[in-house]
Every structure is written in C-alpha cells, then in structure tokens.
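These notes concern the structure reproduced below.
The values are calculated or read from the model by the stated rules, or taken from the named source; none is laboratory data. The structure presented is a predicted model; accordingly, all values stated were derived computationally and were not measured. When we count neighbours, we look across all protein chains shown, and the Cβ atoms used for this are built from the backbone with ideal geometry, even at glycine. With ligands, DNA and RNA removed, areas are computed over all heavy atoms of the protein, side chains included. Shrake-Rupley method; radii C 1.70, N 1.55, O 1.52, S 1.80 Å.
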Amino acid sequence: AFPDFHFELADLIAEGDRVVVRVPFTGTQQGRLMDIAPTGRAVRVGEILILRLVDGKIVEGWEEFDEVTAHA
C-alpha cells in the first residue's frame, strides 16, 4: 500500500532488560490498505515500541502507534 514506506529511528533508550524505540514512519498510500482504496495521500505516523530482552533476544514486545493524528 505504501511503496515509499520509510521508518525513522528518532529515539532509542535502553535500561535494564527494556529497550524503547520511537520510530515514526512516512509513506504515500498508492495501494489498497485493508478496506481503504488508494488515496495518493502522504502520511506520517508516530510509533513507539517497548521491547524486553533476555540473552540478547527479544522475548516480549509492545507497540503503540498513533492512527488518530496521522497526517501529511
């Protein structure tokens, strides 16, 4: 749906067994996205990941992204 999809690593914070990453992404909707027909509109969506690591491997993760204020 977004052929020019791009993540930006905006923040990376690590403490103990947790890593927090803020990775806003941008793209232009050129294809169908679930029930949404192609719009040709550019979007920027904020996303935050919290990861728990054990022995250098991700064992749990949580993701939040902002659909409400996504904008061009």
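Compute a Gaussian network model of the chain, connecting alpha carbons closer than 10 Å, and tell me which residue from Glu47, Glu60, Glu15 fluctuates the most. Between Glu47, Glu60, Glu15, it is Glu15 that shows the largest mean-square fluctuation. Apolar share of the accessible surface for the chain: 56 percent from carbon plus sulfur atoms, 1.4 Å probe. Among Val59, Val19, Val45, which one shows the highest mean-square fluctuation when the chain is modelled as a Gaussian network with alpha-carbon springs under 10 Å? Of the options given, Val59 has the highest mean-square fluctuation. Between the residues Val54, Thr69, Thr28, the greatest Cα displacement towards the positive end of the dipole of the chain, with unit charges on the Cβ of Lys, Arg, Asp and Glu, is found for Thr28. Grab the beta carbon distance between Glu8 and Ile58, set R0 = 22 Å, and tell me the FRET efficiency rounded to 0.05. The calculated FRET efficiency here is 0.60. Ligands, DNA and RNA are left out, and with a 1.4 angstrom probe the accessible area of segment 11-65 is 73 Å² per residue.
Using alpha-carbon pairs under 8 Å, 6+ residues apart, how would you state the relative contact order of the chain in percent? Spell out each step's value before the answer.
Values: 155 pairs, mean separation 19.3, N = 72.
Once divided by the residue count of the chain, the mean separation gives 27 percent.
Take the alpha carbon gyration tensor of the chain, find the square roots of its eigenvalues, order them as a ≥ b ≥ c, and report rounded if a/c is under 1.5; if not, report prolate when a/b exceeds b/c, else oblate. The shape class here is prolate. Each Lys and Arg adds +1 at its Cβ and each Asp and Glu adds -1 at its Cβ; summed about the Cα centre, segment 1-50 shows a dipole of about 240 debye.
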